[in-house]
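Report on the following structure.
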Amino acid sequence: MDITQFPSWQRLTNLAEDMHGRHLRDLFADDPQRAARFSLELPEFLFDFSKNLLDDEIFVNLLQLARDAGLESWRDRLFSGQPINRTEGRPVLHPALRGELPGDVKVDSVSVEALVANELGRLKEFVNLLHNGDLIGCTGKSITDVVNLGVGGSHLGPEMVIEALRAYRRDEVRIHFVSNVDGAQLADVLTQLNPDTTLFVVSSKTFTTTETMTNARSALAWFGSLAPRADLLQRHFVAVTASPEKACAFGIEPQRVFRFWDWVGGRFSLWSAIGLPIAMAIGFDGFRALLDGAASMDRHFRQAPLEQNAPVVMALVSLWYCTFMGYPAHAILPYEQALHMLPAYLQQAEMESNGKSTTRAGEEADYRTGPLIWGMLGINGQHAFYQYLHQSPEVVPADFIGSVAPGHGLPGHHEILLANMFAQSQALMNGVSRGEVEKQLAARGLGRDEIRQLAPYKVHSGNRPSNTILLRKLDPHSLGALIALYEHKIFAQGVILQIYSFDQWGVELGKGLAAALQPQLESGDCHNQDASTAGLINYYGRVKAG
Ligand code: F6P
């Protein structure tokens, strides 16, 4: 049944209209227990969702909407390996990578658990070789530098996690990332490296992505005549892919091809062999702790009742704003330097999953689906775009993310950081009324005219909602739980809004056009192009020719 036809949807539509006339300040004033009632404490973090434009009636109806949408049965279908990625005809089994399936799920008659265990064993062995100095390049020297060549899901997860876990890095090896086909990035990384001691990890689910394959070919060429091509490929390249036959055809040794499977979506793949650079950076035990943290969130998502289920509540809050209240964007604001890549990572995770407008029934959705995700380190954002968050006419709900324990030993810093995080969500919630502004200006001795002129600019309407996720400590386990929290939130939101979250047809169109355009940039022939594109090709050709 079309989700918009349920009574819960209709009630929420009406409740959203009412909520536009209410203020968060009043919701708190009316209910001294609000913060406690609208917070969830998990082993890894406190999730405070009290600063949201919700009341009991809205919350109850949102939960009803989730039930109407069959969320619980979709959740069971995910964990039991049913082909819920229907447009690609695949199950969605990234939880299997952290060992958290309730039963022995088989895909094509093969036990998923056994596949995962086998591949993890191979990764562990390889990572140990590296850390023991037993990975030797063509000239007899140990590998000291690893370059991950991959883009999107084959890049963002590993780099985001390694950055987040800087404090856990081992020093036997340095990890570099090249995702861009703009040769400037690869060229820059290569200047820091010695071919004798460098290993490339070609990470690509499909092993066809132009950016990655171009970088892989250039990386191979960089070795020059150091050794015969076959030896270079054998000692200086490994592959991580769901298309092992293509990696072997490229020339990479079968023993050095680490695999994952088409039932792992690219943007959900950091838990698979795609996480090889993570295990290299923080050690296999650290990688295991990351998987265990995600597994604990998997259990919570599977077992907690909907009203106490953090990913479900996050999904409901998010769709409440995007779909019912008319706030199409959502900001991710980490207050932890180490999480600086989290907004970029979540942009792919959420927007490639839920940035869609065709329903599961193949109809055009006549409601907003997933939000536009954006953000950056909160403390830096305060000095950049927070003006917009506080006083623009647009309301942008936000997630504030920080940890109780600092990731460093410098005294005094962490309290300033957290005080800012708490203050910002408070300021967004409460704002400052005209009356309060006038009082403050009068107390500073301003005259009546001056107050009248200045006051409107200093008014903050407030009523701008946010979640706060306060980790006990940022470590591999809690990071795993945090990432899995968002993964399940994305899934739950997609299910309720009746879209398929695990395909990404929208990225294909541009890829195909780029492939067709590339030779035209060389030849200058643009007869079949629209006038704008033809103009760009002509300008390119003119300037290039001098
Ligand atoms: O272009 C988007 C995308 O298809 C992502 O879904 C994926 O993570 C990325 O490209 C990289 O793809 P691959 O791992 O196959 O190189």
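Counted as qualifying within region 337-394 are the helices (runs of 4 or more DSSP H) with 1 or more residues that are in contact with a Lys or Arg (Cβ under 7 Å, 6 or more places away or on another chain), namely 386-391. Taken as a whole, the structure leaves PHE400 outside the set of residues that are more than 18 Å from LEU482 (Cβ to Cβ), surrounded by 12 or more Cβ atoms within 10 Å (Cβ to Cβ) and within 23 Å of the chain's Cα centre (by Cα). Taking the criterion of being touching a strand residue (DSSP E or B) at 6+ places or on another chain (Cβ under 7 Å), in a helix (DSSP H, G or I) and under 23 Å from PHE250 (Cα atoms), the residues of region 162-197 that qualify are GLN185, LEU186, VAL189, THR197.
Among the residues of region 308-355, those that are in contact with a Pro (Cβ under 7 Å, 6 or more places away or on another chain), of a type in the set (A, V, I, L, M) and buried (at least 22 other Cβ atoms within 10 Å of the Cβ) comprise ILE332, LEU342. Picking from residues in region 244-275 that are β-branched (Val, Ile, Thr) and in a loop (DSSP other than H, G, I, E, B), the one that is nearest to ASP145 (Cα to Cα) is ILE252. Entry remark, region 1-19: residues being in a loop (DSSP other than H, G, I, E, B) and either surrounded by 12 or more Cβ atoms within 10 Å (Cβ to Cβ) or under 29 Å from the mean Cα position of the chain (by Cα) (or both) number 2 in total. Note on region 276-292: residues that are in contact with a His (Cβ under 9 Å, 6 or more places away or on another chain) and either under 18 Å from ALA349 (Cα atoms) or not in a helix (DSSP H, G or I) (or both) total 2.
Among the numbered criteria (1) assigned to a strand (DSSP E or B); (2) free of Cβ contacts under 8 Å to residues at least 24 places away in the same chain, which one does ILE469 miss? Among (1) assigned to a strand (DSSP E or B); (2) free of Cβ contacts under 8 Å to residues at least 24 places away in the same chain, the lone unmet condition for ILE469 is (2). Looking only at residues that are within 13 Å of the ligand (Cβ to nearest atom) and in a helix (DSSP H, G or I) in region 198-243, which one is farthest from MET280 (Cα to Cα)? Residue satisfying both the conditions and the ranking: THR210.
Contact map, region 200-215: first residue touching a residue at least 60 places away in the same chain (Cβ under 8 Å) and more than 10 Å from THR241 (Cβ to Cβ), second residue more than 8 Å from the ligand (Cβ to nearest atom) and of a type in the set (Phe, Trp, Tyr), Cβ cut-off under 7 Å, separation 6 or more or different chains; the map is empty. Residues in region 148-181 that are acidic (Asp, Glu), more than 16 Å from the ligand (Cβ to nearest atom) and at pLDDT 95 or above: 1 in all.
When each of ASP503, ASP525 is tested for being without any contact (Cβ under 8 Å) to a residue 24 or more places away in the chain, charged (D, E, K, R) and assigned to a loop (DSSP other than H, G, I, E, B), the lone residue that passes is ASP525.
Yes/no matrix, rows are residues, columns are (1) assigned to a strand (DSSP E or B); (2) free of Cβ contacts under 8 Å to residues at least 60 places away in the same chain; (3) loosely packed, with under 14 Cβ neighbours inside 10 Å; (4) polar (S, T, N, Q):
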| position | (1), (2), (3), (4) |
| --- | --- |
| LEU418 | no, no, no, no |
| PHE422 | no, yes, no, no |
| GLY435 | no, yes, yes, no |
| LEU446 | no, yes, no, no |
| GLU450 | no, yes, yes, no |
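Checked against (1) part of a helix (DSSP H, G or I); (2) in contact (Cβ under 8 Å) with a residue 12 or more places away in the chain, GLU125 passes all but condition (2).
Flag: LEU40 matches the condition of being closer than 20 Å to HIS488 by Cα and not in a helix (DSSP H, G or I).
Residues considered: GLY480, GLY435, GLY512. Of these, the only one that is within 16 Å of the ligand (Cβ to nearest atom) and on the phi < 0 side of the Ramachandran plot is GLY512. Assess whether ASP145 counts as being modelled with pLDDT under 95 and more than 16 Å from the ligand (Cβ to nearest atom). So ASP145 fails the test.
For the criterion of being closer than 16 Å to LEU270 by Cβ, surrounded by fewer than 18 Cβ atoms within 10 Å (Cβ to Cβ) and away from the ligand (no atom under 16 Å from the Cβ), GLY99 passes.
For THR144, the conditions (1) among the β-branched types (Val, Ile, Thr); (2) without any contact (Cβ under 8 Å) to a residue 60 or more places away in the chain; (3) surrounded by 24 or more Cβ atoms within 10 Å (Cβ to Cβ) all hold with the exception of (3).
Of these, ARG302, ARG259, ARG267, ARG288, which one is of a type outside the set (Ser, Thr, Tyr) and more than 26 Å from SER403 (Cβ to Cβ)? Within the list ARG302, ARG259, ARG267, ARG288, the selection yields ARG259.
The values are calculated or read from the model by the stated rules, or taken from the named source; none is laboratory data. All values reported here derive from a predicted model rather than from experimental measurement. All Cβ positions, glycine included, derive from the backbone under ideal geometry; neighbour counts span all protein chains shown.
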